[in-house]
Amino acid sequence: MVAASLAALEAFVLAALGVLELANLRTVRLTMGVTTAGFFLAAAAGLGWCAWSLWRVQRWARGPVVMAQLIVLGLAWNLWDGATRPLSAGLAVVALVTIAGLLHPASTHVLEEDARLGG
């Protein structure tokens, strides 16, 4: 499932950002660095769990992944300025492809089948 793969990729990027934040801790901004890294790592864990659950065809994971993509679209919109335009466009494309994959009739059918089977 493409949507699950893209959500997993996003989780990996969030985890990498968290690790990079920890690697660049400075005493001047220690609290901000630790909390930012913690946020990125927690978000990566949550999105990774949802991506894994989508791979296992668990219907409940669709909602949190769609919400994450809406947040990514908002971030892409916010970054749409000058030098960050390519990054913004990439974020928007990934978010839109993920949402389209989750709402595609074939995905909906598979996820709804899981609900009918009691999964």
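The values are calculated or read from the model by the stated rules, or taken from the named source; none is laboratory data. A quick note: this is a predicted structure, and the numbers were derived from the prediction, not measured. Don't worry about glycine lacking a Cβ; one is built from the backbone with ideal geometry, like all the others, and counts go over all protein chains shown.
Taking the condition of a type outside the set (S, T, N, Q) and either surrounded by 16 or more Cβ atoms within 10 Å (Cβ to Cβ) or touching a residue at least 12 places away in the same chain (Cβ under 8 Å) (or both), does ALA23 pass?
Numbers: of a type outside the set (S, T, N, Q): yes; either surrounded by 16 or more Cβ atoms within 10 Å (Cβ to Cβ) or touching a residue at least 12 places away in the same chain (Cβ under 8 Å) (or both): no.
Considered against the rule, which asks whether it is of a type outside the set (S, T, N, Q) and either surrounded by 16 or more Cβ atoms within 10 Å (Cβ to Cβ) or touching a residue at least 12 places away in the same chain (Cβ under 8 Å) (or both), ALA23 comes out as no.
Which of (1) over 19 Å from VAL94 (Cβ atoms); (2) modelled with pLDDT of 95 or more does LEU30 not meet, given it meets every other one?
(2)
Can you confirm whether GLY46 is touching a Pro at 6+ places or on another chain (Cβ under 9 Å) and not polar (S, T, N, Q)?
Considered against the rule, which asks whether it is touching a Pro at 6+ places or on another chain (Cβ under 9 Å) and not polar (S, T, N, Q), GLY46 comes out as yes.
Look at SER53 and say whether it is polar (S, T, N, Q), free of Cβ contacts under 8 Å to residues at least 24 places away in the same chain, surrounded by 12 or more Cβ atoms within 10 Å (Cβ to Cβ) and closer than 18 Å to VAL13 by Cβ.
Details: polar (S, T, N, Q): yes; free of Cβ contacts under 8 Å to residues at least 24 places away in the same chain: yes; surrounded by 12 or more Cβ atoms within 10 Å (Cβ to Cβ): yes; closer than 18 Å to VAL13 by Cβ: no.
Against the criterion (polar (S, T, N, Q), free of Cβ contacts under 8 Å to residues at least 24 places away in the same chain, surrounded by 12 or more Cβ atoms within 10 Å (Cβ to Cβ) and closer than 18 Å to VAL13 by Cβ), SER53 does not qualify.
How many of the residues making up segment 16-29 are assigned to a helix (DSSP H, G or I) and out of contact with any Phe, Trp or Tyr (no Cβ under 7 Å at 6 or more places or on another chain)?
Here is the first cut: in segment 16-29, the ones assigned to a helix (DSSP H, G or I) are 16-23, 27-29.
Among the residues that remain, those that are also out of contact with any Phe, Trp or Tyr (no Cβ under 7 Å at 6 or more places or on another chain) are: 16, 19-20, 22-23, 27-29.
Qualifying residue count, segment 16-29: 8.
Name the single residue that is surrounded by the most Cβ atoms within 10 Å (Cβ to Cβ) among those in segment 26-44 being among the aliphatic types (A, V, I, L, M) and in contact (Cβ under 8 Å) with a residue 24 or more places away in the chain.
Selected residue: ALA44.
Kindly indicate the residue of segment 44-62 that is in a helix (DSSP H, G or I) and either closer than 19 Å to VAL93 by Cα or among the basic types (Lys, Arg) (or both) and also modelled with the lowest pLDDT among those meeting that condition.
Looking at residues that are in a helix (DSSP H, G or I) and either closer than 19 Å to VAL93 by Cα or among the basic types (Lys, Arg) (or both), I get ARG59.
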